[in-house]
1. In region 177-194, which residue that is out of contact with any helix residue (DSSP H, G or I) (no Cβ under 9 Å at 6 or more places or on another chain) and under 21 Å from residue 39 (Cβ atoms) is farthest from the ligand (Cβ to nearest atom)?
2. Is it the case, given these coordinates, that residue 163 is within 14 Å of the ligand (Cβ to nearest atom) and either surrounded by 13 or more Cβ atoms within 10 Å (Cβ to Cβ) or farther than 28 Å from residue 48 by Cα (or both)?
3. For region 72-85, which positions are free of Cβ contacts under 8 Å to residues at least 40 places away in the same chain and surrounded by fewer than 15 Cβ atoms within 10 Å (Cβ to Cβ)?
4. Across region 167-176, what is the total count of residues that are out of contact with any helix residue (DSSP H, G or I) (no Cβ under 8 Å at 6 or more places or on another chain) and modelled with pLDDT of 95 or more?
5. Which residues, taken from region 42-61, are closer than 24 Å to residue 75 by Cα and either modelled with pLDDT under 95 or touching a helix residue (DSSP H, G or I) at 6+ places or on another chain (Cβ under 6 Å) (or both)?
6. Could you count how many residues in region 46-58 are in a helix (DSSP H, G or I) and within 16 Å of residue 20 (Cβ to Cβ)?
7. What is the number of the single condition among (1) within 16 Å of the ligand (Cβ to nearest atom); (2) at positive phi; (3) surrounded by fewer than 19 Cβ atoms within 10 Å (Cβ to Cβ) that residue 174 does not meet?
Ligand SMILES: [Zn+2]
C-alpha cells in the first residue's frame, strides 16, 4: 500500500512519511518506507530542509509520526518510543551508516566487494514469536534508539530477503543526496528526479567519476 501525500486518518491528523515527503519522493513500499524516511531525515534539497534528527523535539516528532505510519503500513499498533538526548547521536550514526552503505553501491545497485571500510556494527535486539496464525514473526525489542534501530534493521532484513533492498538508493547528485526507491523496471535509476538532478552538468560529472573509477585511479 502506498501512502498518499495528503494521507489522512480519523481525527484529521495528517499521516505522511514526513521526511521523504519533504523531498517529493514516493515512499518505498510498505514497511521499507520507514528506512527510506530515516535516510531522508537529513538536511538536503534546495533550499536546505532541516535535519530532523538535530534537535530532540524534531526527532521525537519524526519518530512519533514515522512509527504511526509504519504501524499503519504493517497493520500493527504503533509503539510509543520516548527519546532522550543520548538517543539522537545513535540514530544519526545509524542513518549515516545506512547512507554510506547505499552510496557505495555500483551502477546496478549491487553492493560492491571492494569496500575498504567494514560497516560499523549496529546491534539491535529482536524477539521471534508465533502469531495467532502460526507464523513466526520478528519483533523489535529495547527502548529509545534501540527500538527504532531494531525496527529499521528488521525492515532492511526483510527487504534483503525480498530483493527490494537494492532499489533503495541515494541520489547521485552530490549536492542533493535524497534517498529514493527506484521503481524502474531494470533498477537503473541514479537520480531521485531526472528533472532536477539528471541535468547535463550532473550527468557529465557522474560519467567523469565513472571513468576515473573504471581506470582504477
Ligand atoms: Zn537528487
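The values are calculated or read from the model by the stated rules, or taken from the named source; none is laboratory data. Just so it is clear, the model here is predicted, and its values are computed rather than measured. A quick note on method: Cβ atoms are made from the backbone with ideal geometry, for glycine too, and the neighbour counts reach across all protein chains shown.
1. Among residues in region 177-194 that are out of contact with any helix residue (DSSP H, G or I) (no Cβ under 9 Å at 6 or more places or on another chain) and under 21 Å from residue 39 (Cβ atoms), the one farthest from the ligand (Cβ to nearest atom) is 188.
2. In short, no.
3. Listed by number, the residues that qualify are 75, 76, 77, 80, 85.
4. Qualifying residue count for the region: 1.
5. Result: 59, single match.
6. 1
7. All conditions are met except number (2).
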